[in-house]
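What follows is one structure encoded as structure tokens, with my remarks underneath.
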Amino acid sequence: MATVTTANGHASEHHEVGSNYLNARKGVLSWLFTLDHKRIGVMYLAGTLFFFMIGGILALLVRTELLTPAGDLFQGDTYNRVFTLHGAIMVFIFIIPSVPAALGNFVLPLMLGTKDVAFPRINLLSFWIWMLGTAFLLYSIIAGSVDTGWTFYTPYSSDPQVGSQAGSAIIWALMGVFILGFSSILTGVNFITTVHKMRAPGMTWTKMPLFIWGIYATAVIQVLATPVLAITLLLLTIERTLGIGIFDPALGGDPVLFQHFFWFYSHPAVYIMILPGMAIISELVTVHSKKNIFGYKPIAYSSMAIAIISFLVWGHHMFTSGQSELASTVFSALTFAVAVPTAIKVFSWVATLYKGSISLNTPMLYCLSFLFLFTIGGLTGLFCSTLATDIHIHDTYFVVAHFHYVMMGGTVIAFLGGLHHWWPKMTGRWYNENWGRFAAALVFIGFNVTFFSQFVLGSQGMPRRYHTYHSASPDLKAIFTKWHQVSTVGSYILAAGLFITLFYLLHSLFRGKKVAEKNPWGAKSLEWLTETPPIEHNFHEEPVCLHGPYDYDEISPDGQGAGADEDDDSPLYLDKKTEAKKAEEPKAEEKKAEEKKAEEPKAEEKKAEEKKAEEKKAEEPKAEAKKAEAKKAEETKAEEKKAEAKAEAKSDDEADKDKK
Amino acid sequence: MSAHAHDSSEPHVLPLKIYFQVYGALLVLTGATVGVSLLDLGPNAIYIAMLVAVIKAGFVVGYFMHLRYDTRFLSLVFFGSLIFLVIFFAFTFIDLTSRDRIDQNQANFTLRKHQDIQEESTGSVTVGIKRFRSGANPPVLPKAPEVKKAPKPAAGTAAGTGAAAGTGAAAGTGAAAGTGAAAGTGTAAGTGADPGTGTGAGTSEPAGGGTAAGTGSVAGSASAAPGSGSAAPAAKAKAPAKKAPAKKAPAKKAH
Amino acid sequence: MSYMQTLLAGAAKRTFWMPETAATQAENVDGIFYFIYWLCVFFFVLIVGVMIYFVIKYRRRGAHDRTSDIEGNTRLEIAWSVIPSVLLLVMFMWGFRDWMSLNVAPEGAIDVRVTAQRWQWNYALPRHGCDGVDELRVPINEPVKLTMSSIDVLHSFYVPAFRVKKDALPNRYTVLWFNATKLGTFDVFCTEYCGTKHSTMYSKIKVVTRAEYDKWTKSGCGMDNLSPKELGPKIFKMRGCPACHSIKKGVKGTGPWLAGKYGTIETLADGSKVKIDDEYIRESIMNPNAKVVKGFGPVMPTFKGRITPKQMNALIDYIKSLK
Amino acid sequence: MSAAHGDHPKFLQHHFHSAEQQASASKLGMWLFLAQEVLFFGGIFVAYGVLRFLYPETFLAAHAYLDVKMGAINTVILITSSLTMALGVRAAQTNNQKQTVLMLALTILFACGFLVVKYFEYSHKIHVGLVTARSFSATGIAGSPHIFFSLYFAMTGLHGLHVLVGIIVLAWILMRARRGDFSSAYFTPVENAGLYWHLVDLIWIFLFPLLYLVK
């Protein structure tokens, strides 16, 4: 245990018993004008998850439309507007701010042992700017709704005569994304300064939890890549209104130049999305298998390596775009370079499980689900970076499946894992473990069914962003229809899993069992030293970091992994549930009431979002993973060999599940 | 470490003299850049101007912004951002300068501006998209403010320029030092053709049998445009040997 | 290498992952695809298998299990960095080699001009002087080189069966070539989002025998055997007339609208009057600036040498039929 | 001036241990912000580089219509304002409040001068029709001059906007300096404003030759 010594003579303000960051101040204004990184984190969580639900519903509409070859659900441009909104909301409003700003804001200062981020006011400004940007983007729906795709390619987006007739909606959307980018920059600046200047005494760079490394690498990309998006959107806005002649061929510009400008930001942006996910996984893998991370330095340095190399590879989005052959070759080679650090990370996580004591609670299930899905996502990236195959699968559903496996299978699943992991610390309440596992199973199956079928669709030639596919030749249309229907059914299962998560997490907010101990998971990073939920100034006395973040008590030189010590049969993770409860206090209700009042209805569906997050995160225990695999095995005959190998492991897990 | 506000953080103050020296240097350098631009240095004027600008920037960043006396990490932050800028510039130029290695046609930067489309006598496909507001004919420009010696067109300085501080070598990477610039829009006055990237404003619409009105012709082997039948240069497997095109009459500037 | 590819790519017919291969390049692409595919399956099974094995073997049994103190293993870490790097290099080299041959069209390929227009593909064969073709025919086992451009927004020419794809840009030509090896009709999709009817911007490539191809090209690429009633509107559209002349009454474009004009009297720019009859239409097409209607500029290009007499008659009948 | 003794000086925010930590944190934050600005303007410089590469003859022909005299005056104005800003920061560091206020006021004055010169340049160009592409109505320049002039307006407009923001920030700092907030113990806001202003000057140092001079 880290010995807590008073670092300096700071008189810690007197705290009456039971007051924490949630109930220390009352009223809506105390939330909207808070400087407390924890409250800002919770507000970000509420806002981003709400829009995750909106984006998810739009995705369901898209999937429902594609059930049938003809365009019967939507007419004309509506489908294009729906998939553009799905893309824009998911990318700019949800996934970029979600992990760094929501979980990062809450956990980073606690993990570093400081009272708050370096610039609390800028942190609040970043949230306000996020809300302003979101308002702009939402207004663009009313002003005609953009139909250019979230990539805004010119000349479709810049030339009203030949391109989009969405009129001023595009300007609103561009400005909205411009503002959201600025919010992302401010978060990045804040985190880099905090990590550099405000670590607890004794916490050297190699004693920091890997979560901090991941968020730090993300912040570096945020600061260096987002401004280029800002200038691109600004130039596009000027191009569309006053005209420059840089992107729009009618005025002498070059559309491929716009793609260079756009992807220079957008590829690092996809690493802004995945690196925080990886950061969470590095934490979950160690805490829930009670074992030191395998290869701390390789993982930390590969985060930084990914952050740097991500700036060199954007051209692999443009292999078929008329980019010169030399450039495509250079980009393809460099894209392979970025695959190596990613591979190192995945191998290290799996190696961490070796001789550990792996508890199959909900966060760990999401972590294992991440390893499964991200491995597929990562490996299918190889098809997209190899020049010859990318020509065939570019802009088809293969690419759609690839980036959903990485972004949703990766970041969102990791985000839900992290949310469940820190949920007790954030809210002081327990969620229902069994519901958690069941929802996780549903999400895992639904996800695989939805997106694995899209791999097949894509390699068979189904182009992306298609409202209808009835013009294809008969046999091709038959294949497309079959796999689209499979994918749509999968998306319903996925949505069901996510909504269940939403419900049981919201339920846990009201009537969840109070978390009695400070450190339910037995983790070693500093955020578990303070109360649950943390007091307003995080620590009574400033903690001193005397050991690495993963020195668990269970680790012993001769330990052979789980079961080595047979004397005590009550498994660690069960202890918590059966522990005596603290006196019920209506803290959670009060908080929710304020929030409901505090935020305008759109942003204030905090509970709705959390529920949606839980439902998305609910992951199935290993057995379900194997069942999903088995099911996939029928589709992919090539994997029968794997299915049998799993069969016998499944049976005893079955028994294990029934026993619980 | 109960740090009093005073002791260790005494601000590092430069003597007054340095400020004025730096100020003087900046003024002198500004004068130098203007002077350099007046006398005609041809294509490498851009590099000199960039060099001087980089020196001036060095002074401002080093002394006025105290970067010379601050912790090394701050310099890393500043120059780090420049590195990413250079990456952006370099890779964009890798693409731009090598677009025609495999197939000449891909290089023709045919600009489909309104008047060129009008002139297309034999467009095979309906191209009537109006781009500019024609409206009343626009006011004719007064003569250029001061009649300087007509800048020697010389070899078009196709070398890309001006990245922010530090990238002076504006030629970017593998930039084909494009020669002559095809001038004139539609007046087809310019004759020099830039094998690097066709910069002519003329279009060479692939009209069946139509003669390309535009000038974006590719010097050397290819005919004016892919338009005329199968004259399109069959590109050899590896990048065709690119001869430096003989400079024909210098591109006249149509006034 | 080719034996391995055919082994991996399977027969030319449709497999689980890939549509049928109908071009020389398609086999190569399938070869790489399946090489990477089996590599991925191997690594996937390895990673997920090991993970599941660890989860089962080291399942938490008691609250105070002992876990081993392993911080890393440099030999293992080096191994799993070097081996993937080597495999990645192999993938890159193989991909690059085949990709280069995808890019460089062989000498003497049949020259076809593709023009992408919002929501239709137009093909032109300059050597045979026919254009405005909407269903391309190509001879089997002969390289065909497409020089593509777009007249409005970005489009992308994608033939799944040939495994080729390239964007059509409004300001530049892009080149794509294939050598079809199977007779039949193959789908052409647009894979770069281009607006409302992006999903119906569809076309077909019909691979035919050389003889049939020659017959097709001699008959004006399928134009000549059209009945005059069908030929008229096609020529009207093909020659770009709708860009300036509207066929709806009252819509003034760069040129006058044509609906219901046949037989009426029109005042010219110089004030004189002229009756719109066959002769006037023929002359206005061949020598447009002779008699320009008042209020319009002399901007119409001449179509001398680009419209055959047969097409001219069909055009006149079509204009006559406009009400 | 608040004596900086005692345990918890007025300006020290609660979550920092010492003034030194707070000062170095805010300086790092400012430099990160400047790095972001460098890339923001870098983007438009890359745009300039690319368009100049694609249209060399336009840039040759069109930039003759820019008024080099006005550009040179503006450069001198900005460099002088950079000097006064640096002296202002130095004055704050040496507890010389009166000089800080004077220097800040001078800097703001020069900044406004810069904008006035800009106003004259713009009004002349708008009058003659050398404006952005869609409303570009001047004739007689080779190539496609609308590209050069739209780029000119985009770059100098963006820079002008940053000068305007600079004026607002400096006015706020001036107001606080008059109130006596700054001393040798606490001058970070002045320093950060100075850093921002020097960056704005830095960008103009590159803009001026690229747009006005280079042949």
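Which residues, taken from segment A:281-308, are farther than 23 Å from A:VAL412 by Cβ and either at pLDDT 95 or above or in a helix (DSSP H, G or I) (or both)?
Scanning segment A:281-308 gives A:TYR296, A:LYS297, A:PRO298, A:ALA300, A:TYR301, A:MET304, A:ALA305, A:ILE308.
For the list (1) surrounded by 24 or more Cβ atoms within 10 Å (Cβ to Cβ); (2) assigned to a strand (DSSP E or B), I need the number of the one condition that C:ARG137 fails.
(1)
Of everything in segment C:10-44, what is in a loop (DSSP other than H, G, I, E, B) and within 10 Å of another protein chain (Cβ to nearest Cβ)? Give them in sequence order.
Taking segment C:10-44 and keeping what is in a loop (DSSP other than H, G, I, E, B), we get C:10-22.
The answer is C:ARG14, C:THR15, C:PHE16, C:TRP17, C:MET18, C:PRO19, C:GLU20.
Collect the residues in segment A:438-481 that are out of contact with any strand residue (DSSP E or B) (no Cβ under 7 Å at 6 or more places or on another chain) and charged (D, E, K, R), keeping them in residue-number order.
Selection gives A:ARG465, A:ASP475, A:LYS477.
Can you find a residue in segment A:132-147 that is β-branched (Val, Ile, Thr) and at pLDDT 95 or above?
Looking only at segment A:132-147, we keep the residues that are β-branched (Val, Ile, Thr), and these are A:134, A:141-142, A:146.
From the residues that got through so far, the ones that are at pLDDT 95 or above too are A:134.
Among the residues of segment A:132-147, at least one is β-branched (Val, Ile, Thr) and at pLDDT 95 or above, which makes the answer yes.
Based on this model, can you work out whether A:GLY322 counts as buried (at least 24 other Cβ atoms within 10 Å of the Cβ), part of a helix (DSSP H, G or I), more than 23 Å from the chain's Cα centre (by Cα) and not hydrophobic (A, V, I, L, M, F, W, C)?
Values: buried (at least 24 other Cβ atoms within 10 Å of the Cβ): yes; part of a helix (DSSP H, G or I): no; more than 23 Å from the chain's Cα centre (by Cα): yes; not hydrophobic (A, V, I, L, M, F, W, C): yes.
Against the criterion (buried (at least 24 other Cβ atoms within 10 Å of the Cβ), part of a helix (DSSP H, G or I), more than 23 Å from the chain's Cα centre (by Cα) and not hydrophobic (A, V, I, L, M, F, W, C)), A:GLY322 does not qualify.
Looking at segment C:45-75, which of its residues are more than 7 Å from chain A (Cβ to nearest Cβ) and either over 16 Å from A:LEU360 (Cα atoms) or touching a Pro at 6+ places or on another chain (Cβ under 9 Å) (or both)?
Of all residues in segment C:45-75, those more than 7 Å from chain A (Cβ to nearest Cβ) come to C:46, C:53, C:57, C:73-75.
Scanning segment C:45-75 gives C:LEU46, C:ASN73, C:THR74, C:ARG75.
Just give me the residues in segment C:191-222 being at pLDDT 90 or above, among the hydrophobic types (A, V, I, L, M, F, W, C) and assigned to a helix (DSSP H, G or I), in sequence order.
Listed by number, the list holds a single entry, C:ALA211.
When you go through (1) in a loop (DSSP other than H, G, I, E, B); (2) more than 8 Å from every other protein chain (Cβ to nearest Cβ); (3) β-branched (Val, Ile, Thr) one by one for C:VAL188, which number turns out not to apply?
(1) is the only condition that C:VAL188 fails.
Inspect all residues belonging to segment C:146-156 and state whether any of them is surrounded by 22 or more Cβ atoms within 10 Å (Cβ to Cβ), touching a His at 6+ places or on another chain (Cβ under 7 Å) and in contact (Cβ under 8 Å) with a residue 24 or more places away in the chain.
First, the residues of segment C:146-156 that are surrounded by 22 or more Cβ atoms within 10 Å (Cβ to Cβ): C:146-156.
Add one more test, that the residue is touching a His at 6+ places or on another chain (Cβ under 7 Å), and what stays is none.
Within segment C:146-156 (the criterion being surrounded by 22 or more Cβ atoms within 10 Å (Cβ to Cβ), touching a His at 6+ places or on another chain (Cβ under 7 Å) and in contact (Cβ under 8 Å) with a residue 24 or more places away in the chain), the answer is no, since none of the residues qualifies.
Return only the number of the condition from (1) at the interface with another protein chain (Cβ under 7 Å from one of its Cβ atoms); (2) more than 36 Å from the chain's Cα centre (by Cα); (3) in a helix (DSSP H, G or I) that C:ILE78 does not satisfy.
Checking C:ILE78 against (1) at the interface with another protein chain (Cβ under 7 Å from one of its Cβ atoms); (2) more than 36 Å from the chain's Cα centre (by Cα); (3) in a helix (DSSP H, G or I), the one that fails is (1).
State which residue is nearest to A:SER471 (Cα to Cα) when the search covers only segment C:113-124 and only residues that are buried (at least 21 other Cβ atoms within 10 Å of the Cβ) and not charged (D, E, K, R).
Taking segment C:113-124 as the starting set, the residues that turn out to be buried (at least 21 other Cβ atoms within 10 Å of the Cβ) are C:113-116, C:121-124.
Now drop any that are not not charged (D, E, K, R), which leaves C:114-116, C:121-124.
Working: C:VAL114: 20, C:THR115: 20, C:ALA116: 17, C:TRP121: 14, C:ASN122: 17, C:TYR123: 19, C:ALA124: 23 Å.
The residue in question is C:TRP121.
Can you say whether A:PRO209 is touching a helix residue (DSSP H, G or I) at 6+ places or on another chain (Cβ under 8 Å), more than 9 Å from chain D (Cβ to nearest Cβ) and more than 21 Å from A:ALA300 (Cβ to Cβ), as far as the supplied structure shows? Full working, then the answer.
Numbers: touching a helix residue (DSSP H, G or I) at 6+ places or on another chain (Cβ under 8 Å): yes; more than 9 Å from chain D (Cβ to nearest Cβ): yes; more than 21 Å from A:ALA300 (Cβ to Cβ): no.
So A:PRO209 does not fit the description; no.
Looking only at residues that are exposed (fewer than 12 other Cβ atoms within 10 Å of the Cβ) and within 15 Å of C:SER321 (Cα to Cα) in segment C:261-286, which one is modelled with the highest pLDDT? Walk me through how you get there before you give the answer.
Within segment C:261-286, the subset exposed (fewer than 12 other Cβ atoms within 10 Å of the Cβ) is C:263-265, C:270-273, C:275, C:279.
Restricting the remaining residues to those that are within 15 Å of C:SER321 (Cα to Cα) gives C:263-264.
Values: C:GLY263: 80, C:THR264: 83.
Here the answer is C:THR264.
Results for (1) facing chain C (nearest Cβ under 10 Å); (2) under 30 Å from A:PRO534 (Cα atoms); (3) not in a helix (DSSP H, G or I), shown as yes or no for each residue.
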residue	(1), (2), (3)
A:THR375	yes, no, no
A:THR389	yes, no, no
A:HIS392	yes, no, no
A:PHE398	yes, no, no
A:PHE415	no, yes, no
A:VAL443	no, no, no
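Six or more apart or on different chains, Cβ under 7 Å: which pairs go from a residue in segment D:195-215 that's more than 26 Å from B:ARG68 (Cβ to Cβ) and more than 8 Å from chain B (Cβ to nearest Cβ) to one that's surrounded by fewer than 24 Cβ atoms within 10 Å (Cβ to Cβ) and aliphatic (A, V, I, L, M)? Could you list them?
Hits for this filter: D:LEU211/D:LEU66; D:LEU211/D:MET155.
Identify the residue in segment A:280-300 that is among the β-branched types (Val, Ile, Thr) and more than 11 Å from every other protein chain (Cβ to nearest Cβ) and, among all such residues, is nearest to the chain's Cα centre (by Cα).
Taking segment A:280-300 and keeping what is among the β-branched types (Val, Ile, Thr), we get A:280-281, A:285-287, A:293, A:299.
Okay, now just the ones that are also more than 11 Å from every other protein chain (Cβ to nearest Cβ), so A:280-281, A:287.
Values: A:ILE280: 9, A:ILE281: 11, A:VAL287: 19 Å.
Going through the qualifying residues, I end up with A:ILE280.
Determine if segment D:162-170 includes at least one residue that is in a helix (DSSP H, G or I), within 9 Å of chain B (Cβ to nearest Cβ), in contact with a helix residue (DSSP H, G or I) (Cβ under 8 Å, 6 or more places away or on another chain) and not small (Gly, Ala, Ser). Before you say what the answer is, go through the steps one by one.
Pass one, segment D:162-170, residues in a helix (DSSP H, G or I): D:162-170.
The next check asks that each one be within 9 Å of chain B (Cβ to nearest Cβ); those that pass are none.
No: segment D:162-170 contains no residue that is in a helix (DSSP H, G or I), within 9 Å of chain B (Cβ to nearest Cβ), in contact with a helix residue (DSSP H, G or I) (Cβ under 8 Å, 6 or more places away or on another chain) and not small (Gly, Ala, Ser).
For the condition under 32 Å from the mean Cα position of the chain (by Cα), within 14 Å of chain B (Cβ to nearest Cβ) and more than 24 Å from C:SER156 (Cβ to Cβ), what is the one hit in C:GLY222, C:GLY255? Quick ask: steps written out before the conclusion?
Working: C:GLY222 fails: within 14 Å of chain B (Cβ to nearest Cβ).
Result: C:GLY255 is the single residue among C:GLY222, C:GLY255 that is under 32 Å from the mean Cα position of the chain (by Cα), within 14 Å of chain B (Cβ to nearest Cβ) and more than 24 Å from C:SER156 (Cβ to Cβ).
With respect to A:LEU368, determine if the residue is facing chain C (nearest Cβ under 7 Å), surrounded by 23 or more Cβ atoms within 10 Å (Cβ to Cβ) and either among the aromatic types (Phe, Trp, Tyr) or part of a helix (DSSP H, G or I) (or both).
When the stated conditions are applied, A:LEU368 passes them.
So for segment C:193-207 (the condition being surrounded by 15 or more Cβ atoms within 10 Å (Cβ to Cβ), more than 30 Å from C:ASN141 (Cβ to Cβ) and of a type in the set (A, V, I, L, M, F, W, C)), does at least one residue qualify? Break it down stepwise before answering.
Within segment C:193-207, the subset surrounded by 15 or more Cβ atoms within 10 Å (Cβ to Cβ) is C:193-207.
From what's left, more than 30 Å from C:ASN141 (Cβ to Cβ): C:193-200.
In the following step, the residues that additionally are of a type in the set (A, V, I, L, M, F, W, C) were identified as C:194.
Yes, that holds for at least one residue.
So which of A:ALA217, A:ALA250 is under 21 Å from A:ALA300 (Cβ atoms) and out of contact with any Gly (no Cβ under 6 Å at 6 or more places or on another chain)? Lay out the reasoning, then the answer.
Working: A:ALA250 fails: under 21 Å from A:ALA300 (Cβ atoms).
That would be A:ALA217, the only listed residue that is under 21 Å from A:ALA300 (Cβ atoms) and out of contact with any Gly (no Cβ under 6 Å at 6 or more places or on another chain).
From the list D:MET175, D:MET103, D:MET155, pick out the single residue that is crowded, with 17+ Cβ neighbours inside 10 Å, hydrophobic (A, V, I, L, M, F, W, C) and within 27 Å of B:VAL13 (Cα to Cα). Don't jump to the end; show me each part of the working.
Values: D:MET175 fails: crowded, with 17+ Cβ neighbours inside 10 Å; D:MET155 fails: within 27 Å of B:VAL13 (Cα to Cα).
Step by step, each of D:MET175, D:MET103, D:MET155 is checked, and only D:MET103 is crowded, with 17+ Cβ neighbours inside 10 Å, hydrophobic (A, V, I, L, M, F, W, C) and within 27 Å of B:VAL13 (Cα to Cα).
Among the candidates D:TYR65, D:TYR55, single out the residue that is over 30 Å from A:VAL223 (Cα atoms), within 9 Å of chain A (Cβ to nearest Cβ) and either among the aromatic types (Phe, Trp, Tyr) or touching a His at 6+ places or on another chain (Cβ under 8 Å) (or both).
Working: D:TYR65 fails: within 9 Å of chain A (Cβ to nearest Cβ).
Every option except D:TYR55 fails the conditions.
If you check A:SER303, A:SER332, A:SER357, A:SER266, which single one turns out to be in contact (Cβ under 8 Å) with a residue 40 or more places away in the chain, surrounded by 24 or more Cβ atoms within 10 Å (Cβ to Cβ) and more than 7 Å from every other protein chain (Cβ to nearest Cβ)?
After ruling out the rest, the residue left standing is A:SER303.
If you check A:ALA88, A:ALA118, A:ALA46, A:ALA101, which single one turns out to be hydrophobic (A, V, I, L, M, F, W, C) and part of a loop (DSSP other than H, G, I, E, B)? Quick ask: steps written out before the conclusion?
On the way: A:ALA88 fails: part of a loop (DSSP other than H, G, I, E, B); A:ALA46 fails: part of a loop (DSSP other than H, G, I, E, B); A:ALA101 fails: part of a loop (DSSP other than H, G, I, E, B).
Going through A:ALA88, A:ALA118, A:ALA46, A:ALA101 in turn, the sole match is A:ALA118.
Residues C:VAL251, C:VAL274: which one is outside any loop (DSSP other than H, G, I, E, B) and farther than 30 Å from C:HIS128 by Cβ? Lay out the reasoning, then the answer.
Details: C:VAL251 fails: outside any loop (DSSP other than H, G, I, E, B).
After applying the criteria, what remains is C:VAL274.
The values are calculated or read from the model by the stated rules, or taken from the named source; none is laboratory data. Please read these numbers as outputs of a predicted model, since none were measured by experiment. Ideal geometry is used to build each Cβ from the backbone, glycine not excepted, and the neighbour counts take in all protein chains shown.
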